[in-house]
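In what follows, a single structure is set out as structure tokens and then discussed.
The values are calculated or read from the model by the stated rules, or taken from the named source; none is laboratory data. Nothing here was measured: the structure is a model prediction, and the numbers come from that model. Cβ sites come from the backbone with ideal geometry, for glycine too, and all protein chains shown count toward neighbours. The accessibility values were calculated without ligands, DNA or RNA, using every heavy atom of the protein model including side chains. Shrake-Rupley method; radii C 1.70, N 1.55, O 1.52, S 1.80 Å.
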Amino acid sequence: MDFAEFPPVSPPDATAAAAARARQDSLTKPPGSLGRLEELSVWVAACQGRCPPSQFDRARVVVFAGDHGVTRERVSAYPVEVTAQMAANIDRGGAAINALATAAGAGVRVVDMAIDTEAGDLSAYKVRRGSGDISAEDALTAEETVAAVEAGRRIADGEVDAGADLLIPGDMGIGNTTVAATLIAAVTGAEPVEAVGHGTGIDDAGWARKTAAVRDALFRARAVSDPLGLLRCCGGADLAALAGFCAQAAIRRTPVLLDGLASTAAALVAERLAPGARAWWQAGHRSPEPAHALACAALGLEPILDLGMRLGEGTGAAVALPVLRAAVAALASMSTFAEAGVSGPAEATDGAPG
């Protein structure tokens, strides 16, 4: 399969952003008093190309599921079969992401990219059964890498064509924090001990094994510079699809709320696939995983929430979605000083305190 290069990313609408800033300054409140909500509302207005912005009608969470051969190195507290079991649980509506997305007014779907079993209707885009053990071999072949990225692109297109106005990329895969930490270290130049966390709750011995697996993977990955090569060498089908999904959302001018470690690692690669895509993304929350902070810093993204969440699935971004909705509501629904007949700020006179 040949890879189709991403077209140039158009930036969010600067005129709408300027109008949103001006409107914020005219609303019945001191300028800046709503803090980060004001900044977020400007971003939404710019993404939508209008001020005031519209409330989100069809926010969608897409969970990309896949297994990773590196789990054989005992880098996770959970067995590999949990990936298939949890993908089925998400599909039935019984997982944390289902509960939190429902509370936030978002829909959820799960896609099997590389689960090491057959997953029936979830497997329309499946690339392979389990990605390779990155500590000793490439995660994917070159053809599989392209197929996974293209799947992510098609999934994003399908969601946008169906009316999605905000996308949340989620992940489900035992071992994927090891893979994500490796990708982030490869892109940022961080050492394994700087990037590796305790993931699903491994003990110190598990952390040492995980760090060794990342170190071994980086021996090969340090020589790779192109984004497809990184996904092939030390990613996986789920991470590659996430990268394609995030990049294509930007191409389609659709805002994205990133979740935690896995989706942000994929976004870091997506920014290399489609430079400028990050202008269409916000970081939903801050994961305790150290590599997540490295990735957010590299992307220039400041997480909206910091609640110590580290589950994945898109859960942190789903919890941040009501904050984004609140930002839109404030900009769109508040009265201006003129509309409300409320006096604006007093003008300071020369020699008088302002």
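Some notes on this structure:
- Backbone phi angles across segment 196-204, fed through the Karplus curve with coefficients 6.51, -1.76 and 1.60 (θ = phi - 60°), yield HN-Hα couplings of 8, x, 9, x, 7, x, 5, 7, 5 Hz in residue order; Gly and Pro are listed as x.
- At an R0 of 22 angstrom, the distance between the Cβ atoms of Glu118 and Arg92 translates into a FRET efficiency of 0.85.
- For Val63, the residues 5 or more places off, or on other chains, whose built amide H falls under 5 Å of its own are Arg109, Val110, Val111, Gly170.
- Per-residue HN-Hα couplings for segment 239-245 [Karplus 6.51, -1.76, 1.60; θ = phi - 60°; Hz; x = Gly/Pro]: 5, 5, 5, 4, 5, x, 5
- Farthest toward the positive end of the dipole of segment 28-178, out of Gly175, Ala142, Val62, is the Cα of Val62, where the dipole comes from beta carbon charges about the Cα centre.
- Solvent-accessible area of segment 59-322 (1.4 angstrom probe, protein heavy atoms only): carbon and sulfur portion equals 50 percent.
- Across all directions, the average projected area of the convex hull around the alpha carbons of the chain is 19.4 nm².
- Between helix 290-299 and the chain: long-axis angle, C-alpha atoms, 0 to 90°, nearest 10: 50
- Mean Cα-pair separation over length for segment 59-322, i.e. relative contact order, pairs under 8 Å, 6 or more apart, %: 25
- Evaluating kT/(6 pi eta Rh) at 4 °C and 1.567 mPa s, with the Kirkwood radius of segment 49-96 over Cα pairs in the Stokes-Einstein relation, gives 93 µm² s⁻¹.
- Entry comment: accessible area of the chain is 39 Å² per residue, from protein heavy atoms only and a probe of 1.4 Å.
- If you plug the beta carbon distance of Arg109 and Phe337 into 1/(1 + (r/R0)^6) with R0 = 41 Å, you get a FRET efficiency near 0.40.
- Fully extended contour minus Cα-Cα distance, from Ala205 to Asp57, at 0.36 nm per residue: 48.6 nm
- Kirkwood hydrodynamic radius over Cα pairs of segment 250-326, then Stokes diffusion coefficient at 25 °C and 0.890 mPa s, in µm²/s: 201
- Amide hydrogen neighbours beyond the local backbone of Tyr125, cut-off 5 Å, H modeled: Asp112
- Rounded to 5, the percent of DSSP beta bridges in the chain classed as antiparallel: 5
- Cβ crowding within 10 Å averaged over residues, with 176-186, 26-36, 191-201 ranked highest first: 176-186, 191-201, 26-36
- With R₀ fixed at 56 Å, the C-beta to C-beta distance from Thr102 to Glu347 puts the FRET efficiency at about 0.70.
- Phi-based couplings in Hz for segment 136-151 (Karplus 6.51, -1.76, 1.60; Gly and Pro marked x): 9, 7, 5, 5, 9, 7, 4, 5, 5, 4, 4, 4, 5, 4, 5, 4
- Helix 261-273 vs. the chain, principal-axis angle (Cα, 0 to 90°, nearest 10): 80
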